[in-house]
Amino acid sequence: PELLTQWHTTAAGSPPLVVWTQNGQWSIGYFGDKRKVIGNYVTNKWTDFVFHVKWSPYSDGFIEVWKDGVKVFTYSGANIYNTSYGAYMKTGIYKWPWKSGSYGSTTTNRVVYIDDVRIGNSLATYNDVAPGP
């Protein structure tokens, strides 16, 4: 397993939102250590993601995710701890089995390219941040 993008908070515990790969599949990890598989990944090919998130410790929070232009995930409800002050994005390969020696990982090399990151404000639409052709 590895995480490719994470949104962290000031609160202790797991990040409230992550993009995860394991066994050839993309997954979304979200608040409360939940996980949803959103499809297989293909190597040597770009995969485009768009995230629409309203961070909230209350029922008005939500997460929407599009992969390659298709909506693949929707969640409504609390998605951040009430002791947090928003979330910040981190991107890059985080393969914790390399650090901990757990999960029996035999992978010794991973490569990921990240390009054209766009962040919109509260008025942004999907088209404002959608990947180009």
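The values are calculated or read from the model by the stated rules, or taken from the named source; none is laboratory data. This is a predicted model, so every value here is computed, not measured. Note that each Cβ is placed from the backbone with ideal geometry, even for glycine, and that neighbours are counted across all protein chains shown. The protein model used for the area step is the full one, side chains on, heavy atoms only, and it has no ligands, DNA or RNA in it. Shrake-Rupley method; radii C 1.70, N 1.55, O 1.52, S 1.80 Å.
Tabulated data for the structure shown
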read-out: Amide hydrogen neighbours beyond the local backbone of residue 49, cut-off 5 Å, H modeled; value: 68
read-out: Inter-label distance, nm, simple model (7 Å from Cα along the C-beta direction), residue 52/residue 68; value: 2.1 nm
read-out: Percent accessible area from carbon and sulfur atoms, the range 55-133, protein chains only, probe 1.4 Å; value: 51 percent
read-out: Shape of the chain, Cα gyration tensor, a/c cut at 1.5; value: oblate
read-out: For the range 19-36, Karplus couplings with θ = phi - 60° (6.51, -1.76, 1.60), whole Hz, Gly/Pro x; value: 9, 10, 10, 6, 6, x, 10, 7, 9, 10, x, 9, 2, x, 6, 8, 8, 9
read-out: Taking the chain and dividing mean pair separation by its residue count, relative contact order in percent (alpha carbons under 8 Å, at least six apart); value: 22 percent
read-out: Heavy atoms of residue 59: accessible area, 1.4 Å probe, square angstrom to 10; value: 100 Å²
read-out: Carbon plus sulfur fraction of accessible area for the range 1-50, probe 1.4 Å, in percent; value: 48 percent
read-out: Charged-residue dipole, Cβ positions (Lys, Arg, Asp, Glu), the chain about Cα centre, Debye nearest 20; value: 340 debye
read-out: Residue-normalised accessible area of the chain, given per residue in Å² at a 1.4 Å probe; value: 64 Å²
read-out: Per-residue ³J(HN,Hα) for the range 57-73, Karplus 6.51 cos²θ - 1.76 cosθ + 1.60, θ = phi - 60°, Hz, x for Gly and Pro; value: x, 10, 5, 8, x, 7, 9, 10, 9, 10, 10, 6, x, 10, 5, 10, 7
read-out: Shape call, the range 21-89: gyration tensor on alpha carbons, a/c limit 1.5; value: prolate
read-out: Theoretical ellipticity at 222 nm over the chain - DSSP helices of four or more residues, -39500 (n - 2.57) apiece, nearest 500; value: -1000 deg cm²/dmol
read-out: Under DSSP loop assignment and at most 11 Cβ neighbours within 10 Å, longest trypsin sites (Lys or Arg not before Pro)-free interval of the chain; value: 46-109
